[in-house]
1. Among the residues of segment 360-374, is there at least one that is part of a strand (DSSP E or B) and either outside the structural domain of GLU10 (by TED's automatic domain parsing) or modelled with pLDDT under 95 (or both)?
2. Within segment 373-383, restricting attention to residues that are away from the ligand (no atom under 16 Å from the Cβ) and within 28 Å of the chain's Cα centre (by Cα), which residue is nearest to LYS102 (Cα to Cα)?
3. Please specify each residue of segment 279-305 satisfying the condition of being within 16 Å of LEU15 (Cα to Cα) and out of contact with any Gly (no Cβ under 9 Å at 6 or more places or on another chain).
4. Output the residues belonging to segment 176-202 that are out of contact with any Ser or Thr (no Cβ under 6 Å at 6 or more places or on another chain) and either near the ligand (Cβ under 8 Å from one of its atoms) or part of a helix (DSSP H, G or I) (or both).
5. Being within 12 Å of the ligand (Cβ to nearest atom) and closer than 26 Å to PRO310 by Cβ is the requirement here; does PRO126 meet it?
6. Scan segment 96-127 residue by residue and report those that are surrounded by fewer than 21 Cβ atoms within 10 Å (Cβ to Cβ), more than 22 Å from ALA167 (Cβ to Cβ) and of a type in the set (S, T, N, Q).
7. Please work out if GLU290 is of a type in the set (D, E, K, R) and buried (at least 22 other Cβ atoms within 10 Å of the Cβ).
Amino acid sequence: MRVAGRLIVEGGRPLTGRVYVSGAKNSAATLLPATTLTDEPCFLRHVPAISDTEVLLEILQELGFQTQARGQPEGPPGLGLEVDIRPPQQEVTPQVPYSLAKRLRASILFLGPLLARFRQARVALPGGCDIGSRPIDLHLKGLAAMGAEIQIEHGFVHGECQTLHGAEIYLDFPSVGATENIMMAACLAEGQTILHNPAKEPEIVDLATFLNSMGAQVRGAGTDTIRISGERNLHGAAHTVIPDRIEAGTWLLAAAATRGEVQVENVIAKHLEPVIAKMIETGALVEAREESIWVRGPERPRAVQVTTMPYPGFPTDLQPQFTAYLLRAVGTSVIHERVFENRFGHVDELKRLGASIKSDGRTAVVEGIVRLTGAPLVASDLRMGAALLIGALMAEGRSVLDGVEHLLRGYEQPVAKLAGLGAQVQLVETEGELPVPTSLA
Ligand code: UD1
């Protein structure tokens, strides 16, 4: 179901309690395409129930796979879906149409596995994006080095090959998507592929774990070199998606930003080391426990410098939320964005809450202030939506956040989770303009 809507937020209250983190969006974005590498059934647990997952499942169905997703009848909000994927009974046309690709950039992650499995693939070029140009040249160079002939025509990437062969590939930048596409294709290529300077994100390791449980030979995921020995076939497998470190970081920051005290559950603290270190630098109390992280926010954070980097550096996907957290800091904070060329769309919207912030190219400067006040806001991408939500929770009085569909692309049941933390947040589904409600449920 596609929901457009707005959130009505009564801010200025500390978040308190426990919140459960769902499975990682960015793992699901590559694990679901990876299931096309086999003609046997696969089973995934803890798949996040978000709109990005819906699109991935629609793509699998379009390709002829049968998918069955079941939610969890009991438990805290965020337990996600159990998904069965069964291979097609009829011949597959390995094509991802524009109508689906334009709803999800990660649809390009079908290119590598479809090409390796069916010797050809047509994937519509993903749609535009509000955080930079996001080229796919590294994906295509890697697949071409393995023997694929790649052409771009009529808005589609078209790949073809007799066979794919192993290759030695050096990535100019450790692109997450390029690493995943090359890894998946290499599993069914002839011979060995050596990938230098790959991305090291935990989602890459999660993909390698799944591929290996399908019978692939992937070694070194999470390090500077990944070696993949191609196999003739992969078999079906079952896998549990890792917790979403970006969602976990979002709740940690929302808690600290509202001077709250929250236990974030179902997390792997190691995946959040740079975020935890930065939060401690601001004066937040953060304690990593076995499968949870406890946080208590400071009265006002200390100003800090933040620089985003590929993993294990500070994640770009938490930069907008961290920027929001720093709006009430004592002193001047400087945020450098090193992964994307244009990721300060949240800055102008945050100003509407009274924030003193400016950005120039890849740098933003925040002069911390004491008090933010609620305002109408519009999100135009996922993490900007999360940053504006944190800003609205910090601000005194009511904020109305439009563009909630962006938030729902990546956060499972955010309203129920926030309600569990004592926030006053109401989702109003919209078709066109709606008046602002006068009272909150
Ligand atoms: C993935 C994540 C996204 C996260 C990003 C960086 C998924 C589904 N999405 O996106 O949430 O923000 O990693 O951590 O996992 N680049 C090129 N050429 C390419 C590919 C990338 O120049 O062929 C550049 C991009 O323009 C960008 C940088 O590399 O500046 C990082 O992109 P990449 O790591 O590929 O991000 P995604 O895989 O798209």
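The values are calculated or read from the model by the stated rules, or taken from the named source; none is laboratory data. This is a predicted model, so every value here is computed, not measured. Cβ placement follows ideal geometry from the backbone for every residue including glycine, while neighbour counts extend to all protein chains displayed.
1. Our first condition is that a residue be part of a strand (DSSP E or B); within segment 360-374, this holds for 360, 363-367, 373.
If we keep only those that are either outside the structural domain of GLU10 (by TED's automatic domain parsing) or modelled with pLDDT under 95 (or both) too, we end up with 360.
Checked against the condition, which is being part of a strand (DSSP E or B) and either outside the structural domain of GLU10 (by TED's automatic domain parsing) or modelled with pLDDT under 95 (or both), segment 360-374 yields at least one hit.
2. Taking segment 373-383 first, the residues away from the ligand (no atom under 16 Å from the Cβ) are 373-378.
After this cut, where a residue has to be within 28 Å of the chain's Cα centre (by Cα) as well, the list is 374-378.
Numbers: GLY374: 33, ALA375: 31, PRO376: 28, LEU377: 25, VAL378: 21 Å.
Looking at residues that are away from the ligand (no atom under 16 Å from the Cβ) and within 28 Å of the chain's Cα centre (by Cα), I get VAL378.
3. Within segment 279-305, VAL286, ILE293, TRP294 qualify.
4. VAL176, GLY177, ALA178, THR179, ASN181, ILE182, MET183, MET184, ALA185, GLU201, PRO202, listed by residue number.
5. Working: within 12 Å of the ligand (Cβ to nearest atom): yes; closer than 26 Å to PRO310 by Cβ: yes.
Answer is yes for this residue.
6. Passing the criteria: only SER99.
7. On the way: of a type in the set (D, E, K, R): yes; buried (at least 22 other Cβ atoms within 10 Å of the Cβ): no.
Answer is no for this residue.
Quick grid of which residues meet (1) in the same structural domain as GLU261 (by TED's automatic domain parsing); (2) more than 25 Å from LEU318 (Cβ to Cβ); (3) within 16 Å of the ligand (Cβ to nearest atom):
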| residue | (1), (2), (3) |
| --- | --- |
| THR16 | yes, no, no |
| GLY71 | no, yes, no |
| GLY80 | no, no, no |
| GLN90 | no, yes, no |
| PRO97 | no, yes, no |
| PHE110 | no, yes, yes |
| PRO113 | no, yes, yes |
| ARG117 | no, yes, no |
